[in-house]
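*Asks:* Got a structure for you, questions after.
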Amino acid sequence: MSGEESKESLGEYLRRHREASGKTIEGISRTTRISKRYLQALEDNDMKKLPESAFARGFLKAYAREIGLDVDDCVAKFDQFHQSIMPTQ
């Protein structure tokens, strides 16, 4: 992973790879049957607009497969991001 990749957020990573694949949010929404608002929330790092974690992870997996990313790597990035925004107890 390059220094640039390690500094970008999950959403930036997803957006960069989606754009490189030549796909649009609308196109991915049609093929995966996932609402555009959820796909956009993933790219915007907006966890408040996503459903509970189990569903969000499923959406992320479908999104990653659609644009040719490693699913396990994306889930690990999601989990890391999700933990970073959770309040400490």
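The values are calculated or read from the model by the stated rules, or taken from the named source; none is laboratory data. For clarity, every value in this text was computed on a predicted model and none was experimentally measured. Cβ atoms come from the backbone with ideal geometry, glycine included; neighbour counts cover every protein chain shown. Ligands, DNA and RNA are stripped out before the accessible areas are found, and what is left, the full protein with its side chains, is counted by its heavy atoms. Shrake-Rupley method; radii C 1.70, N 1.55, O 1.52, S 1.80 Å.
*Asks:* State all residues of region 30-48 that are modelled with pLDDT of 95 or more and not β-branched (Val, Ile, Thr); if no residue qualifies, say none.
*Replies:* Listed by number, the residues that qualify are Arg30, Arg33, Ser35, Lys36, Arg37, Tyr38, Leu39, Gln40, Ala41, Leu42, Glu43, Asp44.
*Asks:* Confirm whether Leu39 is within 17 Å of His82 (Cα to Cα), surrounded by 13 or more Cβ atoms within 10 Å (Cβ to Cβ) and in contact with a Ser or Thr (Cβ under 7 Å, 6 or more places away or on another chain).
*Replies:* Details: within 17 Å of His82 (Cα to Cα): yes; surrounded by 13 or more Cβ atoms within 10 Å (Cβ to Cβ): yes; in contact with a Ser or Thr (Cβ under 7 Å, 6 or more places away or on another chain): yes.
Spelling it out, Leu39 is indeed within 17 Å of His82 (Cα to Cα), surrounded by 13 or more Cβ atoms within 10 Å (Cβ to Cβ) and in contact with a Ser or Thr (Cβ under 7 Å, 6 or more places away or on another chain).
*Asks:* What's the number of the only condition in (1) touching a helix residue (DSSP H, G or I) at 6+ places or on another chain (Cβ under 6 Å); (2) of a type in the set (Gly, Ala, Ser); (3) open to solvent by 50 Å² or more (accessible area, probe 1.4 Å) that Ala54 fails to meet?
*Replies:* Every condition holds for Ala54 apart from (1).
*Asks:* I'd like the full set of residues that are surrounded by 13 or more Cβ atoms within 10 Å (Cβ to Cβ) and of a type in the set (D, E, K, R), limited to region 57-80.
*Replies:* Arg57, Lys61, Arg65, Glu66, Lys77, Asp79 - these are the residues of region 57-80 that are surrounded by 13 or more Cβ atoms within 10 Å (Cβ to Cβ) and of a type in the set (D, E, K, R).
*Asks:* Are there any pairs, at least 6 apart or on different chains, whose C-beta atoms fall under 6 Å, with the first in region 11-28 and closer than 12 Å to Gly68 by Cα and the second open to solvent by 80 Å² or more (accessible area, probe 1.4 Å), and if so, which?
*Replies:* none
*Asks:* Can you find a residue that is in contact (Cβ under 8 Å) with a residue 40 or more places away in the chain and acidic (Asp, Glu) anywhere in region 66-73? Walk me through how you get there before you give the answer.
*Replies:* To start, the set of residues in region 66-73 that are in contact (Cβ under 8 Å) with a residue 40 or more places away in the chain comprises 66-69.
Right, trim to acidic (Asp, Glu) and you get 66.
Yes, that holds for at least one residue.
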